[in-house]
Amino acid sequence: MTGNWWTLTRLVIKREIRERTQAKSFWIATVILLIAVAAAAVIPAVLSGHRSTARVGVVGGDTVALTQAALEAGRITETTVNVITVPDVASAKAQLRSGNLDAVLVGGTEVLVKQNAVFGSKGTLAGTLAQVGGFAKVYQALPPAVAASVARSGVGLPIHGLIPPPQGLASRFTGLAVAILIYVIIITFGMRITIGVGEEKSSRVVEVLLTTLRPVQLLTGKVTGMGALAMAQVAALAGCYLALGYALGSPAVQGAAIGVVVAGVVWLLLGYAFYCTAYAAAGSLITRQADAYNATIPLQVPLILGYVLAYTVLFADGVSWFYHLLAFVPFTAPVAMPVLIAVGAAPLWEIALSAAITIASTVVMVRLAATIYERAILRTGGRLKVRQVLASVS
Amino acid sequence: MGSQDGTLELTGLRRTYGEVVALDDLSFTVPPGQVFGFLGPNGAGKTTAMRAIVGVASLDSGTVRWNGEPIGPQARSRIGYMPEERGLYPAMRVFEQLEYLARLHGMGAAAAHAAARHWADRLGVGSRGEDKVEALSLGNQQRVQLAAALVHDPKLLVLDEPFSGLDPVGVDAMSEVLAERAAAGATMLFSSHQLDLVEHLCQSVAIIDHGRLVAHGSVAELGRAGKVRVSVRVAGDAAGRWAEHLGPAAQVESNTDGTVVVTLRDRADAQDVLDTARAAGPVEQFGFVRRRLSEVFRDAVGHAPQDEPKAVAAIGGSS
């Protein structure tokens, strides 16, 4: 019996996967998501890249050598550099603040910028300026042979920003990508489940299927098949994000940001498990496909809430108590908790507690949804209400 | 009764939807190897009973047994069911769909592949096998639906209104397959609300009305039972005036352009009718008239099997 149970359920899973992967819309959605994710991986790398023209100030020391160093840095970073000689450091700083200057090379000691680059200075004009400025200093001070060996071990000048960069922006950026992805994946695959169940019901094919399948087999097969596709899509998207990020040296795939990606995948799994049967139950209540959107509104609102409010957390300082609370409500936790993790606002025990709440409520949700599904899937007539289905004696 | 031979037994089926009684202590048996019609006006409870047989509707009380046992998961894989409102995935290809249903009924991959093609060919939709079901005409969709019910070589066929919506060619193809399956030993129950249209296809029938059994038995027996009737035509008597000389045992039921149908107390009186006719002139036609199934219905219920509003079907079932 158990063996047979899985044999039939596996057939349902395979059918779901085959039907979905044969649909053009699935591949179109996948490509769009891949492009979006690729953009998310590339944007931080681009943001940390160069501008086409820059005004560089030079202060103190050998003005000719400093000017040469600045022009050389511009050549390396393909930036048209205008060199301006500034009388002293104080006026250089004032001009940096006003935006009149983009960077200042202070003879042999440091590079000044308005704000340190969010994603690191490697490859930027300021970074190159620091390197070239460092070379110049070394070659002036030492015999060429010694200078070459010193230069090889790195001679970059320190870069000082006048105002500090925002903390952990890379992981915040990744957190936003993760929040969007969880929201999009759960809602799109959830809607597919609702529409699929509704289609089986309205076409009456479910009557034929249920002569050999038990409702719970059909339900299990459907959410598992869709889940497998969702996870395959997520794996492809996460893989694309990480691969592109590494290839471009994007800080979005380094350190804490990696942890956010991992947390995102785990919470997506939890969120899908929590929501998938509920979407199936919604599908069992409807008789026309047009009703699918209305029937799933109660399931979409919490996700939308968690996603929209994520912006206020990711791009502001501090987390409101309300959003913190959302991370412990099973309906919103799958989006809210990864966001808290991305901004570093969730200690480990909170993450564990939220996961435990989500898993426990998933058990309750699956039972409730399966009951609704079993009772409603063979009921014909108009659209059903949850209360009406639960009140009925099966 | 109550045996391993494939007999389907319905005993005391009862189902109510609120105030509406869909099945009211319905009992009858379906022997294997016969084309068995399950007849009655729309709303009589046929669909509810059939859904209960295949396990997609529950009963308030009563039992369904097949081969002497309640129908469990094992037995269900050997049932072929065709629902009244057809049930196929609209966007799935014909072969794929048939294969899938065959596999759900326990067939291996290779056997399912072969059976899907066999039945699609057999029902004349083999050339459309790679098309999506929704791209087919309604008649062809119905052929696919029948193929779906037959693809796993079921031993019990439950077909809800298989003839509705079919063109004459489709009706012939469907009848042929039904007769062939019955001859192969399958137990078969098909429903129809058009009693006289399917009369000639059935060997036996169960006729129901308002969820109650009205008549049950072989079509031949049901046709013979009841009052004796003869149809007589006398040459040259286009008005059927000879019938005015009939005795009190004979009652004229109808007179259609001189063909007179007479109802008698028993078969012995038929000779008196023949003598009276002969006395009036040469008898062109003389024969016993079998009751049609609609007449069987009318004789039992007191009115013709008019279609009733589909209140029961609209309320539907619950698992």
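Read-outs: derived from the displayed coordinates by stated rules, not from any lab. Keep in mind the model is a prediction, meaning the values are calculated, not measured. Ideal geometry is used to build each Cβ from the backbone, glycine not excepted, and the neighbour counts take in all protein chains shown.
Quick notes on this structure:
- Cross-link reach is defined here as a Cα-Cα straight distance under 13 Å, omitting same-chain residues fewer than 8 places apart; for B:LYS227 the aspartates and glutamates meeting it are B:GLU253, B:ASP266, B:ASP269, B:GLU295, B:ASP299.
- Judged by the mean number of other Cβ atoms found within 10 Å, the most tightly packed of the peptides A:171-182, B:234-245, A:22-33, A:281-292 leads the ranking A:171-182, A:281-292, B:234-245, A:22-33.
- Each distinct pair of alpha carbons in region A:219-297 adds a 1/r term; the inverse of their mean, the Kirkwood radius, is 14.7 Å.
- q = 0.12, 0.15, 0.22 Å⁻¹: log10 I(q)/I(0) that the Debye formula gives for region B:53-130, counting C-alpha atoms only: -0.44, -0.65, -1.07
- Ordered by the count of other Cβ atoms within 10 Å of each Cβ, fewest first, B:LYS46, A:LYS201, A:LYS14 give A:LYS14, A:LYS201, B:LYS46.
- The packing ranking of peptides B:221-229, A:334-342, A:372-380, highest mean first, is A:334-342, A:372-380, B:221-229, where packing means the average number of other beta carbon atoms within 10 angstrom of each residue.
- Note: relative contact order over region B:227-290, using C-alpha pairs below 8 Å and six or more positions apart, is 49 percent.
- Paramagnetic label zone (point 7 Å from Cα along Cα-to-C-beta, B:THR256; backbone N under 17 Å) in region B:193-234: B:195-200, B:229-234
- What you get for region B:227-290, charging only the Cβ of Lys and Arg (+1) and of Asp and Glu (-1), is a dipole of about 220 debye around the Cα centre.
- Shielding by partners, peptide A:368-377 (average Cβ within 10 angstrom, other chains): 1
- Taking the helices alone, the protein assembly as shown has a mean residue ellipticity at 222 nm of -17000 deg cm²/dmol, built from -39,500 (n - 2.57) per DSSP H run of at least 4 residues and averaged over all its residues.
- Mean Cα-pair separation over length for chain B, i.e. relative contact order, pairs under 8 Å, 6 or more apart, %: 22 percent
- Spatially, region A:308-336 and region B:132-160 are offset by 52 Å when compared through their Cα centroids.
- Positive-end residue of B:GLY6, A:GLY134, A:LEU309, charge dipole of the protein assembly as shown with Cβ unit charges: A:GLY134
- Over 18 Å (Cα to Cα) - which of A:LYS222/B:LYS155; A:LYS24/B:LYS132; A:LYS24/A:LYS201; A:LYS93/A:LYS114 fall in this group: A:LYS222/B:LYS155; A:LYS24/A:LYS201
- Of the residues B:TYR81, B:PHE286, B:PHE163, the one whose Cα sits farthest towards the positive end of the charge dipole of chain B is B:TYR81 (charges of +1 on Lys and Arg Cβ, -1 on Asp and Glu Cβ, taken about the Cα centre).
- Peptide A:198-210 has a mean shielding of 6, counted as Cβ atoms of other protein chains within 10 Å of each residue's Cβ.
- Taking chymotrypsin sites (Phe, Trp or Tyr not before Pro) across region B:60-114, none is in a DSSP loop with at most 10 further Cβ atoms lying within 10 angstrom of its Cβ.
- For peptide A:23-36, the mean count of partner chain Cβ atoms within 10 Å of a residue's Cβ comes to 0.
- What you get for the protein assembly as shown, charging only the Cβ of Lys and Arg (+1) and of Asp and Glu (-1), is a dipole of about 2100 debye around the Cα centre.
- Taking only the Cα atoms of region B:166-318, the ratio Rg/Rh comes out at 1.08, with Rh defined as the Kirkwood radius.
- Dipole of the protein assembly as shown, positive direction: furthest Cα of A:PHE173, A:VAL216, B:LEU138, with charges on the beta-carbon: A:PHE173
- Scoring A:298-306, A:272-280, A:214-222 by mean Cβ neighbours within 10 Å over their residues and listing the highest first yields A:272-280, A:214-222, A:298-306.
- Residue of B:GLU253, B:GLU199, B:GLU84 that the Gaussian network model of chain B assigns the largest fluctuation, springs spanning Cα pairs under 10 Å: B:GLU253
- Neighbour counts of other Cβ atoms within 10 Å put A:PHE331, B:PHE286 in the fewest-to-most order B:PHE286, A:PHE331.
- In terms of surrounding Cβ atoms within a 10 Å radius of their Cβ, B:LEU146, B:LEU138, A:LEU157 rank from fewest to most as B:LEU138, A:LEU157, B:LEU146.
- Gain in span if fully extended, B:HIS245 to B:SER61, counting 0.36 nm per residue against the direct Cα distance: 60.6 nm
- The reciprocal of the average 1/r between distinct C-alpha atoms defines the Kirkwood hydrodynamic radius, which for the protein assembly as shown equals 31.9 Å.
- For region B:197-245: relative contact order, % (alpha-carbon pairs under 8 angstrom, 6 or more apart): 22 percent
- Note on region B:160-252: with charges restricted to the Cβ of Lys and Arg (+1) and Asp and Glu (-1), its dipole about the Cα centre is near 540 debye.
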